Amino acid sequence: MIKIITTPSVSFTLTFMHCQYHSRYGGWATTWHNVTHIGHATVGTQGWHTSLPWIGIRLKSYDNFISSICPRVASRLLLEQRVLLIMALKYSVDSHHQLEDILFDDSPFITQDGEQFIGLQAMLANRMRYNRELLGFDFFIADDVIDRPIADFIGLLRRYKAAAA
């Protein structure tokens with residue numbers, strides 16, 4: 001029982017090749033070569049930006065990420081990160097999207113390689129597309145799952161990415 005209580009519920013594995021997220025629900029992984037940008041998530045209106053307690057990750061391609069993500073983690077990402085989509089729509093002045101249309105968009109998603117995602121995978125890929133359009137990142141890491149301040153963790157991720165180049 002003590003081991004269960006003291007074992008962290010979330011962890012990251014950072015290597016010179018990839019970044020991997022582990023939780024009791026499963027995980028995700030992406031190679032550093034697939035990451036184009038890592039930064040602090042913000043929402044802005046009229047030139048003023050407000051920092052959010054999230055780290056944003058932007059990918060080159062969704063293909064491997066969506067194909068390899070654990071379904072339980074994919075559904076948790078959709079649920080936990082919906083608040084970001086709602087905030088982005090609230091602060092967006094020129095968005096042509098309706099919240100009801102994009103929150104659970106499970107229309108088939110065709111990848112760059114021509115692979116078609118349906119169901120939960122399509123919903124996650126579509127959400128990532130909307131996140132990129134409205135927030136500039138594809139998915140996010142919450143500050144409550146990291147072991148240090150956001151700026152320090154972003155710096156650590158960027159150093160690993162730079163070492164992989």
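The values are calculated or read from the model by the stated rules, or taken from the named source; none is laboratory data. Quantities reported herein were computed from a predicted structural model and do not represent experimental measurements. Using ideal geometry, Cβ is built from the backbone for each residue, glycine included, and neighbour counts are taken over all protein chains shown. Keep in mind that these areas ignore ligands, DNA and RNA; they rest on the heavy atoms of the full protein, side chains included. Shrake-Rupley method; radii C 1.70, N 1.55, O 1.52, S 1.80 Å.
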(request) Give me the distance in nm between label points sitting 7 Å out from Cα along the Cα-to-Cβ direction at E115 and D147, one decimal. (result) 3.1
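For the chain, what is the accessible area per residue in Å² when the probe is 1.4 Å?
57
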(message) If I model a spin label as a point 7 Å beyond the Cα along the Cα-Cβ vector, how far apart are those points for R82 and E133 in nm?
(response) 1.9
(request) Determine the calculated [θ] at 222 nm for the chain from helices alone, applying -39500 (n - 2.57) to every DSSP H run no shorter than 4 residues and normalising by the residue count; nearest 500 deg cm²/dmol. (result) -12000 deg cm²/dmol
(request) Provide the net charge surrounding Y25, with neighbours chosen by a C-beta distance below 13 Å and charges set as Lys +1, Arg +1, Asp -1, Glu -1. (result) +2
(message) For the ranges 65-75, 101-111, what's the packing order if you count other beta-carbon atoms within 10 Å of each residue, average per peptide, and put the highest first?
(response) 65-75, 101-111
(request) Could you check how many percent of all C-alpha pairs in the chain are farther apart than 26 Å? (result) 28
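Got the relative contact order for the chain handy, in percent, Cα pairs under 8 Å and 6 or more residues apart?
Reported relative contact order: 26 percent.
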(request) For region 17-102, with all protein chains present and a 1.4 Å probe, just round the carbon and sulfur fraction of the accessible area to a whole percent. (result) 54
